[in-house]
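Worksheet for the structure shown next.
Nothing in this text is a laboratory measurement; each read-out follows from the coordinates by a stated rule. Please read these numbers as outputs of a predicted model, since none were measured by experiment. Note that we place each Cβ from the backbone using ideal geometry, even for glycine, and neighbour counts take in every protein chain shown.
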Amino acid sequence: MNVLILGSGGREHAIAWKLAQSPSLEKLYISPGNAGTRNVGTNIPVDLDDFASIKMIVIEKEIDMVVVGPEAPLVGGIYDFFRDDYVLKDILVIGPSKAGAQLEGSKSFAKDFMANYSIPTAAYRTFNESNLQQGFDFIDTLNAPYVLKADGLAAGKGVLIIEDPNEAKNELSQMISEQKFGEASKNVVIEEFLSGIELSVFVLTDGTDYVILPEAKDYKRIGEGDTGLNTGGMGSISPVPFAREEFMDKVENRIVKPTVDGLKKDCIDYKGFIFFGLINVNGDPYVIEYNCRMGDPEAESVIPRIESDLLELFVNTAHEKLSESTVEFDPRTAAAIMMVSGGYPGNYEKGKPITGLENVNNCIVFHAGTTIDVDDNSIKTSGGRVIAVTALGVNMGSALEDSYANVDLIDFEDKYVRKDIGFDLINIE
Ligand code: AMP
Ligand code: GLY
């Protein structure tokens, strides 16, 4: 089977690394990929918005399956594009239809879906230009802090948590009337603030059945102790110590099953990952957000713990035969540490040579923002998040020890890592 993975981050490298181990794999392509995916397949440059070019690659390389890494092509309808194209209709696509991707693409869609199927989530209302005044009144009925969410995709920046009610009203006006996040904030969800510890749960579904993959915790803020600006994610740990059987049973019965059943009831075609961003409020799980793809950097700790053949799981997903799959997981803990460019998530420089990659041991190096310099074949930085180093250990401490030891061996100018990944889980373990 020939497979094309779309995307260029650590998540896509992790998926490529795992698929490359499958006996059913013939050729693996990654578009556009990065310097690391070159080690397990062939990179082909492409603009992920350009479905016509993706079609050309699929035809030329005789691709049988397309695995969609990031959300944007899914929200843009790449699944539907394949389904509705005479030439592409039999190609297997891992990722939901455009309607299914609305779970991530529209916060108000996701909230209404959860309300319809009684899935636990924060109380909310949606506002736009036509009922802005009611938005101000709604803020007056809530206790601080106030959670304001741009309805559409806003590159992870569309959620504001504000202490002061007047500032919240001011931000609401800016989001709606001044389009602070462009089209994405024409509609704004205001919701109740939930207090607890977050974790992410991942499911692969064929639209009827599902497999729950190992859960993970990611560290979104740039600064130690979860301070400073939000990033794409600075590291992840899997499993999560507080996600014990009783809690995970609640997650499955109150959240996962009703979500998969609800999609089916709503006739939404969904064959791919569902990422449940959850919060544990006094032992009860609530949904903070859905994503229609794997997490990044969660994939870098979750995928190495999947012992089964991921390609076979994908084939069964696409053929609606997931009930026939058995899945085994590595019980050890995986810790993924993200190495980022100095200045990220603000301005940072690219093109810094990366050294020491040949010295690592007892770990897996997943590339994110890296590129090959064709002039001298060296590997250089090309993004904010540069490399994730994942190690597995009998407990979180030993996994972290190995991943940090290897992080020290890899170098580039102005590299930055958070030194406290897992800090909040130590006493729970
Ligand atoms: P989202 O993009 O919806 O995941 O929101 C980004 C982050 O904002 C989440 O990871 C949470 O840390 C925080 N957040 C979002 N919604 C809430 C909420 N209702 N209560 C508390 N924190 C929230
Ligand atoms: N790490 C969070 C995400 O992938 O959205």
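On the basis of being touching a strand residue (DSSP E or B) at 6+ places or on another chain (Cβ under 8 Å) and either more than 16 Å from ligand 2 (Cβ to nearest atom) or not acidic (Asp, Glu) (or both), does Gly277 make the cut? Criteria met by Gly277. Among (1) exposed (fewer than 15 other Cβ atoms within 10 Å of the Cβ); (2) away from ligand 2 (no atom under 16 Å from the Cβ); (3) under 23 Å from the mean Cα position of the chain (by Cα), which single condition is Lys157 missing? Here Lys157 clears every test but (2).
Of all the criteria given as (1) farther than 30 Å from Asp137 by Cβ; (2) in a strand (DSSP E or B); (3) not basic (Lys, Arg), the one not satisfied by Gly225 is (2). The lone criterion from (1) within 14 Å of ligand 2 (Cβ to nearest atom); (2) surrounded by fewer than 21 Cβ atoms within 10 Å (Cβ to Cβ) left unmet by Tyr290 is number (2). Against the list (1) more than 19 Å from Ala110 (Cα to Cα); (2) surrounded by 15 or more Cβ atoms within 10 Å (Cβ to Cβ), the condition Gln134 fails is (2). On the basis of being assigned to a helix (DSSP H, G or I), touching a strand residue (DSSP E or B) at 6+ places or on another chain (Cβ under 9 Å) and surrounded by 14 or more Cβ atoms within 10 Å (Cβ to Cβ), does Glu171 make the cut? It is true that Glu171 is assigned to a helix (DSSP H, G or I), touching a strand residue (DSSP E or B) at 6+ places or on another chain (Cβ under 9 Å) and surrounded by 14 or more Cβ atoms within 10 Å (Cβ to Cβ).
If you go through segment 213-237 and keep only what is more than 11 Å from ligand 1 (Cβ to nearest atom) and more than 15 Å from the chain's Cα centre (by Cα), you end up with Ile222, Gly223, Glu224, Gly225, Thr227, Gly228, Leu229.
Apart from one condition, Asp402 fits all of (1) outside any loop (DSSP other than H, G, I, E, B); (2) among the acidic types (Asp, Glu); (3) over 19 Å from Lys217 (Cβ atoms); (4) touching a residue at least 24 places away in the same chain (Cβ under 8 Å); the exception is (3). When we screen Asn362, Asn347 for residues that are in contact (Cβ under 8 Å) with a residue 24 or more places away in the chain and more than 16 Å from ligand 2 (Cβ to nearest atom), the only hit is Asn362. Every listed requirement among (1) within 16 Å of ligand 2 (Cβ to nearest atom); (2) touching a residue at least 12 places away in the same chain (Cβ under 8 Å); (3) not in a strand (DSSP E or B) is met by Gly135 save one, (1).
Applying the criterion of at least 1 residues that are over 11 Å from Phe202 (Cβ atoms) and aliphatic (A, V, I, L, M) to the helices (runs of 4 or more DSSP H) found wholly in segment 238-311 leaves 245-250, 257-265.
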